[in-house]
Amino acid sequence: MELKEVRIGELDQYLFGQGTHYDIYKKLGAHVATNEGKKGVYFAVWAPHAAQVHVVGDFNDWEENEKYEMSCVGGIGIYEVFVEGIGVGELYKFLITTKDGRKLYKADPYGNQAEFRPGTASRVTDISKLKWADARWIKAREKKNVDEMPMAIYEVHPGSWRKHPATEEDPDGFYNYREFAHELTEYVKDMGYTHVELMGIAEHPFDGSWGYQVIGYYAPTARYGTPEDFQYMVNYFHKNGIGVILDWVPAHFPKDAAGLADFDGEALYEYADPRKGEHPDWGTKVFDYAKNEVKNFLIANALYWVEQFHIDGLRVDAVASMLYLDYGRSAGNWVPNIYGENKNLEAIEFFKHLNTVVTGRNHGTMIIAEESTAWPRVTGKPEDGGLGFTMKWNMGWMHDFLDYMKLDPYFRSYNHNKMTFSMTYAFSEKYVLVLSHDEVVHMKGSMINKMPGEYDDKFANLKAGYSFMLGHPGKKLLFMGQDFAQFREWSEARELDWYLLAEEKHVQMKNYVRELLHLYQDSPALYQTDDNWKGFEWINADDSDRSIFSFVRHSKDGKNNLLFVVNFTPVERPDYRVGVPQSGSYKLVLNSDEARFGGTGTKRAASYRSRKGDYDGKPYSIGYSLPAYGVAVFQYEKKEPAAKKPAARKTTAKKSTAVKSTEPEKAETEAKKTVTKKATTRKSTASAKTEPAKEKTTFQK
C-alpha cells in the first residue's frame, strides 16, 4: 500500500472534524505501507492538546528520539510519521508529551491488535488481507426481515465457556478463536440456537471487567488469538448458519494509564466536567458525545466490526447510563441540559446517527439496546422521534419473571400479574427476552438455584419457566450454562461445570431446552409476528387460583398455530380443560412429562378432539391431564369461516332434477322436460343454471 493511500489528507481532516469519516480507522492507527519504494509502517494519532508526540516500540528500544517524532498535520491535532523498515508484529505505543511536561505512554486508540495482557502495547497488523468466504451469508442477510426471523441467542463468554487444563506455559487455558469456533458451532447447532452473542471481544486489561472496560476498541482481544483467528471464527460461524452478535460498550471506558482517559494530558475522549465525565458507581470515564471526533471514533468503530469483521449485530451496553445525565449521580452532582432536564441530548443524537448509518449501510444487521428504563420509542424510527435501535432487551419482563419464579408456588397465586403484566406493553418496542450473565453472577444465584423447592422441584420449575419464556412474544437470549442447569454462579475465572452432564437431571434439562429451541425454529408462529397482537391471544390469563397460564401463538398463514398450557404449581390437574378457538383436532407437540425430560413418562394421546361448549370464553375446549408443573403445547391449523350459502331463487316450476345436478347442460335438459315453454319455463331454466354454480362452490370449499 502506497503511503499516499493511507496518510491523512485535508478531506480526511474535514470529515473527521464533522464526525462523518466512517472509515477513519483506515487512516488513523498503524498501517503497513510503502513510501518512495521503501516498506514500513505509517502511524497517525489524534492528540490536539499534546505538546509533542513520538511513536516508540521494540524498534527503537521504547526511547524518545527525533527520528520517531510525529508531525502535526492540519488544524485538528492529528500527528503522523512513517517508520521505515518495520512491519507486522511490531509492538508500539504513542509517547505523548503534555503541555505541562508529563510523559504519557498510550496504546493506539485505533490499533487493530494488542499485546497479550498484562502488557498494554499495541501491535502492528494488516487486516486488509483477511480472506472471507461468507459472501452467500452476507447476501442472504441483506434480504432478511429481522423482525420476522427466529432469534434464539446463546450468550457466551469465550474465556470461560471451556478451558484447557492449566499448565505452567499456559496458566489461563484459553481456547483459541479457531478451536472455540469448532466446538461452539457443534454445541449451538445441536441445541438449536440461531445466534451467538460474544462477551469481552474488544481488548480490555482486566479479566474481571468481563470486557466492559475497554482500551482497545478496534482490536479483538489477544487472549484468544490474532485478528486472523477472529476472522476465521466469524467465517466458520457463518458457514454453519450461525449469526454473530458482539457486546459493544460506547458508554464508558476505564482510567487505565495506557487507555483513553486524559489521552493527551487533558480530557479528550471524555467530558471535561467530572459531573458529566465520570461514572461515580463504576469509577470509569464517560465519552463526550458533544465532540464530533469522539462520535466519529465510536460510529466508525461500530462500522469496523460490521464491515471489516462481518459481525451481524451489536448489543449496546448500558444505554440508560448514556441517556440520563443523572444516572448513578446524586442531587447536585449532575449537569442538566439546556432545558433543565436530565436527558442527555448529545447522546440521543449520537444514537440516532449511529443506528441510521450502521443499519442503513448494512441491511439485515442489527443494533440491540440494553436499556433498562421506560424511555419511549427506543426501537422507533429517528424521523418519528425514536432512537432507531433494531431491538431492545426486555428488562421489565426479566425482573417480573424472575420475581415470580423465585416464589414458593403457594404465593404465586397472589403474584399472578407478574407473568401477565408484560403483555400490556409487549408491542410498544421490538423486544428480546433475556436471561443474561448479569442475572447469574456472584450473589445472584444461577437459574436453577433461583427456583424454589427440593432438588426435583427446582428442575420442574425451571422447565416450566423456560417454556413460558419460549411462548411469550419476543426474541430469546439465554446465558451459557443455564440450559443444562449449572448450580454454581458464573465466574469468568473457570469454565462451565460440564461435568454435571454426567448426571441424569442435568442431561434431561439440556434435552428439554434443546426440544424448546428446535420447536421455536420449526414454528413460524413463535417468531414471525412478535410485535403485534395478531401473533398472540390469551386463552386464560386470569387463572390465578391454580397458577396456570394458557395462550395461543398464531402464525401469519394460520397454519401450525400453537396452544400453550403451563402449570406453575406442584398440583396435578387430571381433569383440566382449556378453551380453544375452534373445533377440530389438537396435536400434542410438546409434553414436559416425558421420561426423557425427567417426567413420569405417562403415556398420552398424540392428539385431542375438541368438545363444543363455552369454556374460557371460547366456543370449544379440550381435556388434558395436566401434571404438576406440567407444560403442554398443542398444534392446530386455523379453519377459515364457512361461506354462507346464497338463498335459492324462487320458481313456479315443478321440482326438477336439474336443481341437484352439477352439470349445467344436463340440468337444462331435465328442466325442459318438466316445465312448459311459457314464461315459467324461462324462470325455471334460470333457476337451474344458478343452482349448479352453488353446488360447485360447496364442493370446492
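Nothing in this text is a laboratory measurement; each read-out follows from the coordinates by a stated rule. Worth saying up front: this structure is predicted, and the values here are computed from it rather than measured. Don't worry about glycine lacking a Cβ; one is built from the backbone with ideal geometry, like all the others, and counts go over all protein chains shown.
Overview of values
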| item | result |
| --- | --- |
| For the chain, with +1 on Lys and Arg beta carbons and -1 on Asp and Glu, the positive-most of H195, T221, L470 along the dipole | L470 |
| Where N is the number of residues in segment 157-393, Cα Rg divided by 2.2 N^0.38 Å | 1.06 |
| Listed candidates (1) 25; (2) 8; (3) 36 - label of the one calculated as percent of Cα pairs over 52 Å apart | (1) |
| Whether segment 119-195 is rounded, prolate or oblate, judged on the alpha carbon gyration tensor where a/c under 1.5 counts as rounded | oblate |
| Per residue, the convex hull volume that the Cα atoms of segment 190-259 enclose (Å³) | 103 Å³ |
| Packing-based exposure ordering (other Cβ within 10 Å, fewest first) of V124, V214 | V124, V214 |
| Set K93/K381; K475/K559; K285/K406; K39/K291; K392/K556 screened for pairs whose C-alpha atoms are more than 31 Å apart | K93/K381; K285/K406; K39/K291 |
| Gap separating the Cα centres of segment 319-370 and segment 566-626, nearest whole Å | 47 Å |
| Trypsin sites (Lys or Arg not before Pro) restricted to DSSP loop in segment 591-634 with at most 11 other C-beta within 10 Å | K603 |
| Mean ellipticity per residue at 222 nm, deg cm²/dmol - from DSSP H runs of n ≥ 4 across the chain, formula -39500 (n - 2.57) | -8000 deg cm²/dmol |
| Antiparallel content of DSSP bridges confined to the chain, in %, to 5 | 70 percent |
| Of I245, S625, Y608, farthest towards positive along the dipole that unit charges on Lys, Arg, Asp, Glu beta carbons give the chain | Y608 |
| Normalised contact order of segment 171-305, rounded percent, pairs of Cα under 8 Å and 6 or more residues apart | 21 percent |
| Cut-off 12 Å between beta-carbons: net charge of the residues surrounding D530, Lys and Arg +1, Asp and Glu -1 | +2 |
| Options T125, Y42, H54, ranked by Cα towards positive dipole end of segment 3-129, top entry (Cβ charges) | T125 |
| Residue-by-residue Karplus 3J(HN,Hα) for segment 165-181, coefficients 6.51, -1.76, 1.60, Hz, glycine and proline x | x, 5, 10, 5, 6, 9, x, 7, x, 5, 6, 5, 3, 5, 5, 4, 4 |
| Dipole magnitude (debye, nearest 20) for segment 350-475, charges at Cβ of Lys, Arg, Asp, Glu | 320 debye |
| Neighbour cut-off at most 15 other Cβ (10 Å), DSSP loop, trypsin sites (Lys or Arg not before Pro), segment 400-446 | K444 |
| Order of K99, K587, K392 under a 10 Å beta carbon neighbour criterion, fewest first | K99, K587, K392 |
| Under the Karplus curve 6.51 cos²θ - 1.76 cosθ + 1.60, θ = phi - 60°, whole-Hz ³J(HN,Hα) for segment 74-81, x wherever Gly or Pro sits | x, x, 10, x, 9, 10, 9, 6 |
| Sparse-neighbourhood loop sites, GluC sites (Glu not before Pro) in segment 146-193 - DSSP loop, at most 12 other Cβ within 10 angstrom | E168, E169 |
| Simple Cβ-charge dipole of segment 425-566, Lys/Arg +1 and Asp/Glu -1, about Cα centre, in debye nearest 20 | 320 debye |
| Kirkwood-based Rg to Rh ratio, segment 3-129, C-alpha trace | 0.94 |
| Three-way shape label, segment 82-226, alpha-carbon gyration tensor, a/c 1.5 | prolate |
| Length-normalised contact order for the chain - Cα pairs under 8 Å, 6+ apart - percent | 9 percent |
| Charge dipole magnitude, Cβ of K and R +1, D and E -1 - segment 3-129, Cα centre, debye nearest 20 | 260 debye |
| Segment 1-36-segment 64-89 distance, computed between alpha-carbon centres (Å) | 13 Å |
| Separation of the M1 and E183 label points, Cα + 7 Å toward Cβ, nm | 3.4 nm |
| Beta bridges by DSSP in segment 157-393, antiparallel share as percent, to the nearest 5 | 35 percent |
| Extension reserve of the K534-K603 stretch, reckoned as 0.36 nm per residue once the Cα distance is removed | 21.4 nm |
| Between segment 238-307 and segment 401-468, the alpha-carbon center distance in angstrom | 33 Å |
| Shape call, segment 529-631: gyration tensor on alpha carbons, a/c limit 1.5 | rounded |
